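The structure appears right after this line, and notes come after that.
The values are calculated or read from the model by the stated rules, or taken from the named source; none is laboratory data. Bear in mind the structure is a predicted one, so any value in this text is a computation, not a measurement. As a convention, Cβ positions derive from the backbone with ideal geometry for all residues, glycine included, and neighbour counts pool all protein chains shown. The area values use the complete protein model at the heavy-atom level, side chains included, leaving out ligands, DNA and RNA. Shrake-Rupley method; radii C 1.70, N 1.55, O 1.52, S 1.80 Å.
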Amino acid sequence: IAFTSCMSTHAFGEAQPVWEQIAKQSPHALVLLGDSVYIDCPPVSDENGNAHPSDADYADRVFAEHLLNLYRKQLAVPEFAALLAKIPAFAIWDDHDFLWNDADSSLRNGPSYIGRMILSANLFRYWCGALECRGGMPTHIDEIPKHLWPDPIAQVNQSAYDTTMPGYRTRGFLNDKVILHLTDGRSWRHRMHQRLLGESQRQAIEKVMADAPQDALHIFASGSTVQKYKWLQKESWQTYADELRWLKELASRHNILVI
């Protein structure tokens, strides 16, 4: 299984030879650990001159078109497309494909942002489908079914948020002797509340591990590092002491590899 993260057609151009290097290793699958696109790189001005998707008056439609274009550009990278034609790919998201740098669920309380969060989650679902099923993204934002657009009422009462977010997913290999845990470390992360995955997701992970073969290898895909590096002070598991203790306790009972 090959693991990568942090892809940007803006920063690195439309030629990305790393995918050819990965293909030469003949992996059975590819896992993208987040920041598959950078919503905030580059900022795109709308007709009102707003320069960044985090601006409160940045139109949701402009945001959605910008994000859709980023996903489509990455799928069009020749080396990336050639690799996807050979193997399935699985993705989690992190801050830059959730919203922007260091964004977390605390922004759901702001009516200016929750619509963008729901749009981002819906487009991420398309992205995951394109990777796993070798499909494609819509060519235009109007091709996205209307029921996937944020409901103004839902934006006010936030009823659509939890059901829209991608959440926790698993994929099994070798008759579940290897289980890939695709965690969602962004949708319910809240730094002030010391929450990274959240209680419901932790319970779901515990159940999958308890039901798996005793000698299974659990590959834990995480958008955050376990160690606290100087440039990631706020984003590592070390910042979330209770959830780090939970992860270590799980590792005392199961064979876990955190990527």
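Numbers below:
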read-out: Failed criterion for residue 26 (all others in (1) farther than 26 Å from residue 161 by Cα; (2) out of contact with any Asp or Glu (no Cβ under 9 Å at 6 or more places or on another chain); (3) modelled with pLDDT under 95 hold); value: (3)
read-out: Selection count where residues are surrounded by fewer than 19 Cβ atoms within 10 Å (Cβ to Cβ) and either under 15 Å from residue 60 (Cβ atoms) or modelled with pLDDT of 85 or more (or both), scope the range 101-114; value: 7
read-out: Filtered residue count, the range 116-129, keeping only those that are surrounded by fewer than 20 Cβ atoms within 10 Å (Cβ to Cβ) and of a type in the set (Gly, Ala, Ser); value: 1
read-out: All helices (runs of 4 or more DSSP H) inside the range 4-119 with 2 or more residues being touching a residue at least 24 places away in the same chain (Cβ under 8 Å) and of a type in the set (D, E, K, R); value: 60-75, 95-98
read-out: Those strands (runs of 3 or more DSSP E) lying entirely in the range 163-241 with at least 2 residues open to solvent by 30 Å² or more (accessible area, probe 1.4 Å); value: 169-173
read-out: Residues of the range 44-97 classified as modelled with pLDDT of 85 or more and on the phi > 0 side of the Ramachandran plot, total; value: 0
